[in-house]
2 protein chains.
Amino acid sequence: MSPDFIHTYVSVDCVVFGFDHENRLNILLVERNLDSERQIKLPGSLIFSNEDVDDAAERVLHELTGIKKMVLKQFKCFADPMRASSQEDINWMGTEYKHHIDRIITVAYLSLCKIDHKINSTKYATVDWCPVDKLPSLPFDHNKIINESLIEIRKWIESDFSIIFELLPKRFTIRQLHKLYSALSEKYIDIKNFHKKISSFSYIIPLEEIEKNVSHRAARYYKFDAKIYKKNNTKLIK
Amino acid sequence: MSPDFIHTYVSVDCVVFGFDHENRLNILLVERNLDSERQIKLPGSLIFSNEDVDDAAERVLHELTGIKKMVLKQFKCFADPMRASSQEDINWMGTEYKHHIDRIITVAYLSLCKIDHKINSTKYATVDWCPVDKLPSLPFDHNKIINESLIEIRKWIESDFSIIFELLPKRFTIRQLHKLYSALSEKYIDIKNFHKKISSFSYIIPLEEIEKNVSHRAARYYKFDAKIYKKNNTKLIK
């Protein structure tokens with residue numbers, strides 16, 4: 001065997017997005033302990049020798065949240081030879097996995113979660129939402145993975161708009177959808193035009209209920225109808 | 001170290017699409033030699049220990065075609081524990097890489113090539129186009145990778161229509177574009193409606209030239225204008 005070919009560990013890392021009540025995108029992070037110092041990171045795991053990567057990602061999500069079924073999308077393999085070369089990261093892997101690891105390839109996944117969903121981790125003592133614009137410096141290339149996941153979530157919603165409703169409560173106002181959409185597209189979108197566009201979508205159904213106890217004018221609630229959406233969205237050119 | 005964690009080789013495999021003069025999607029395949037038997041497969045390679053996967057894919061494409069710059073998109077990591085477990089595949093890896101390998105993870109890439117482009121492989125003696133509907137049974141999970149790449153190329157064109165022009169000659173007729181689009185979307189699309197739709201796209205520019213020496217009515221040639229396309233395609237909801 002030429003010593004030139006890689007022979008390595010492979011992990012999965014999951015970027016789970018949520019949308020908070022202050023209209024910010026958040027990511028679920030966990031704590032790792034290193035020399036009594038606490039540091040946060042993306043949830044992830046080495047894959048087992050008899051495991052497929054997609055199964056490993058499902059396992060990580062389940063250990064992380066306790067939720068049985070979550071949307072999950074593999075988006076990129078990160079394999080920079082230097083991505084796990086800091087002494088701190090090598091030490092942590094030695095402690096966590098009981099082996100000296102100095103190169104590791106990871107396959108990154110995107111997932112979406114309603115932020116009010118109860119998180120029942122079976123693995124991590126601490127699981128916390130962190131707003132995307134308040135992220136500290138994370139270990140490995142986790143900041144890079146998150147940056148690329150933001151591009152990816154936009155593409156995902158562009159190709160399948162139904163995905164956006166995974167981040168909203170079951171009943172939502174157009175204002176909430178507008179705020180989420182604006183946070184995702186990172187640009188100013190006129191609310192009136194947005195309202196008009198959204199009203200033309202047959203799969204966004206107005207409900208009888210309206211908001212209660214709000215300081216602004218009470219808005220109507222809507223719900224998303226997945227069946228109507230599926231029927232209407234099969235075209236290649238839109 | 002728990003013996004349960006994977007420690008493995010990682011490869012890249014490239015699915016390069018072309019569109020032939022009989023309006024069929026094709027894929028570039030190479031030959032592998034095994035016990036004097038010839039078998040075709042997807043072009044690919046183990047990655048080097050100091051190499052990122054994206055760089056490995058670029059290397060494979062260049063060794064395959066001799067073309068300096070091709071569009072390239074990573075689309076999925078295939079890691080089924082059984083994907084390289086047939087004795088034939090293990091034997092071939094032993095010959096090719098001089099080592100016993102019985103598990104290997106691969107990262108699959110999509111690329112597109114004008115079918116008339118000259119192929120100058122620096123690595124493979126035989127590189128051939130094969131129509132997608134004439135594919136034989138391929139080694140490893142290469143048939144599965146190709147099946148998933150077909151889903152992926154549709155998504156890619158859905159999210160970025162400009163990609164379709166990588167498969168067409170620089171000047172093309174609407175009939176050619178229609179045939180390619182139909183091959184990709186796998187359904188009947190009315191040519192009149194298609195023509196009307198395409199004519200409304202400012203980035204598809206009619207040329208003065210028309211077809212010569214054809215048995216049907218000579219059609220006008222068009223070209224794609226990438227600059228106009230980029231200017232007009234920045235919306236999240238289409």
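The table below lists the values:
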read-out: Within 10 Å of each Cβ in A:45-52, the average number of Cβ atoms from other chains; value: 6
read-out: Hz values of 3J(HN,Hα) by residue in segment A:120-129 - Karplus curve (6.51, -1.76, 1.60), Gly and Pro given as x; value: 10, 6, 8, 10, 9, 6, 10, 10, 9, 6
read-out: Inter-site label distance for A:ARG171 and B:LYS192 at 7 Å from Cα along Cβ, in nm; value: 4.7 nm
read-out: Only Lys, Arg (+1) and Asp, Glu (-1) charged, at Cβ; the protein assembly as shown dipole about Cα centre in debye; value: 3100 debye
read-out: 10 Å Cβ shell holding at most 15 others, DSSP loop, GluC sites (Glu not before Pro): longest site-free stretch of chain B; value: B:23-185
read-out: Given A:LYS144/A:LYS227; A:LYS123/A:LYS170; A:LYS231/B:LYS187; A:LYS192/B:LYS231; B:LYS73/B:LYS170; A:LYS118/A:LYS144, the pairs whose alpha carbons are separated by over 26 Å; value: A:LYS144/A:LYS227; A:LYS123/A:LYS170; A:LYS118/A:LYS144
read-out: Amide H partners (placed H, <5 Å) of A:ILE115, local residues excluded; value: A:PHE19
read-out: Value of Rg/Rh across chain A [Cα atoms, Kirkwood radius]; value: 1.02
read-out: Phi to ³J(HN,Hα) by Karplus 6.51 cos²θ - 1.76 cosθ + 1.60 over segment A:157-172, Hz, x for Gly, Pro; value: 5, 5, 8, 8, 5, 4, 4, 4, 6, 5, 9, 9, x, 4, 10, 9
read-out: Distant-in-sequence amide H partners of B:ALA108 (H built 1.01 Å from N, under 5 Å); value: B:ASP13, B:PHE75, B:LYS76, B:CYS77, B:PHE78
read-out: Charged-residue dipole, Cβ positions (Lys, Arg, Asp, Glu), chain A about Cα centre, Debye nearest 20; value: 1620 debye
read-out: Distances in nm from A:LYS98 to the matching label points in the other copies, shortest first (labels 7 Å along Cα to Cβ); value: 3.6
read-out: Positive-end extreme of charge dipole, segment B:9-159 - chosen from B:VAL71, B:PRO43, B:VAL30 (charges on Cβ); value: B:VAL71
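Each reported figure results from applying straightforward, stated rules to the coordinates on display, with no laboratory input. Since the structure is predicted, the reported quantities are computational estimates derived from the model, not experimental observations. Because the Cβ atoms are built from the backbone with ideal geometry, glycine has one as well, and the counts that use them run over all protein chains shown.
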